[in-house]
Amino acid sequence: MRQEGIEATERRNPKSVHVDRMTSLEIIHLINEEDHKVSRAVSKEISRIARIADHVSGSLQADGRVFYVGAGTSGRLGVLDATEMPPTFGVSATRFRGIVAGGGRALRRSVEGAEDDEESAERKLERIGFCKKDVLIGLSASGTTPFVLAAMRRAKKIGAKSFGITCNQNHKMSRLAHEVVVLKVGPEVIAGSSRMKCGSAQKMVLNMISTASMIRLGRVWKGMMIGLQPKSKKLQRRAIRIVSELGKVDHDTAKKILEEARGNTRVAILSLRLGVSVESAKRVIERTEKAEASSTRTISVRV
């Protein structure tokens, strides 16, 4: 079968032409073999991903926001990454936002035709006050999704930085985005099912961008989540361990100072490291963030 002119994300994979005749073990082996291509595809775009992470951290430092825009699997992955930022790093839920074509109901079921609704993308961005200091990251396996391209056009129109993440070399994002990450993972085991390798690759890139930006902004120290929000018993135990280890105190002392800091892990650690009260530690952090918000340095508390 000739496949010239067919998008990479839609092509048939020659290795899976007879997949319907395979055993479960053979199918799983094939999927696993194809998944190995994901990390290799991502590794070829590392420099570009790092530049996007720098733009993201710079925008956040200047009080901007990050918007992930996508449809279907791509949109859901954006919402997932944005949703995980507050509990993991202690940032406001308004700093990372996921916009999926079709709205909230599209997170649970397919909303037919939503990816083609260009006007909806522009309305959503206008309604939430998307502005020049914000960053938009368009997610589209094919790189041709109308909903995503419309959002990127909006960003370009108002002078906001936008970036694209796609798995198709013949995409339409270049003329709209500052940079585009192209993840050449090859045809899926099931032709067109971009929730597979494309979805995994996009998730890896989003993890890299958001995590790197949070580290650059001082939300991680010595490999630990000093900005986490301990709102469950599991996270409370984790916060105590973090305060205990980084504050160099025993479990009970860590628990007590964390309670005084009302669950603010960064404040508790700084209080212990500097030997000052919780209130003094809060003021140090506030002064540091205000001073560094107007500079190009990373916002962090050197505890």
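FYI, it's all coordinate maths here, none of it is from the lab. If you're wondering where the values come from, they're calculated on a predicted model, not measured in any experiment. Cβ sites come from the backbone with ideal geometry, for glycine too, and all protein chains shown count toward neighbours.
Just a few scattered comments:
- In order along region 253-265, phi translates into HN-Hα couplings of 5, 4, 4, 5, 5, 5, 5, 5, 8, 6, x, 7, 4 Hz, rounded to whole numbers, per the Karplus curve 6.51 cos²θ - 1.76 cosθ + 1.60 with θ = phi - 60° and x for Gly and Pro.
- With each label modelled as a point 7 angstrom along the Cα→C-beta vector, the Thr23-Arg287 pair spans 7.0 nm.
- If R0 is 35 Å, the Cβ-Cβ spacing of Asn13 and Leu107 corresponds to a FRET efficiency of close to 0.80.
- Sequence-distant contacts, meaning Cα pairs under 8 Å at least 6 residues apart, place the relative contact order of region 233-293 at 23 percent.
- Note: relative contact order over the chain, using C-alpha pairs below 8 Å and six or more positions apart, is 20 percent.
- Relative to the longest principal axis of the Cα atoms of the chain, the long axis of helix 72-89 makes an angle of roughly 10 degrees.
- Taking 7 Å steps out from each Cα toward its Cβ at Met224 and Cys131 produces label points 3.8 nm apart.
- C-alpha long axis of helix 278-293 to longest principal axis of the chain, angle in °: 50 degrees
- Near Glu122, once Lys and Arg are set to +1 and Asp and Glu to -1 for all other residues with Cβ below 13 Å from its Cβ, the sum equals +3.
- Ranked by how many other beta carbons lie within 10 Å on average, peptides 212-218, 106-112 from highest: 212-218, 106-112
- Among the listed pairs Lys161/Lys290; Lys156/Lys231; Lys44/Lys231; Lys44/Lys282; Lys184/Lys231, those with a Cα-Cα distance over 30 Å are Lys156/Lys231; Lys44/Lys231; Lys44/Lys282; Lys184/Lys231.
- Axis angle, to the nearest 10 degrees, between helix 197-216 and the longest C-alpha principal axis of the chain: 20 degrees.
- The listed peptides 91-99, 144-152, ordered by packing as a protection proxy, come out as 144-152, 91-99 (highest mean of other Cβ atoms within 10 Å first).
- Amide H partners (placed H, <5 Å) of Arg97, local residues excluded: Val66, Phe67, Tyr68
- Asp63-Glu259 FRET efficiency (beta carbon distance; Förster radius 25 Å; 0.05 resolution): 0.25
- Peptide packing for 10-18, 264-272 was compared via the average number of neighbouring C-beta atoms within 10 Å per residue; ordered from the highest value, the list is 264-272, 10-18.
- Checking Cβ-Cβ separations below 4.7 Å across the chain identifies Cys131 as cysteines lacking any candidate disulfide partner.
- Lys, Arg +1 and Asp, Glu -1 on Cβ, resulting dipole of region 174-303 about Cα centre, debye, nearest 20: 160 debye
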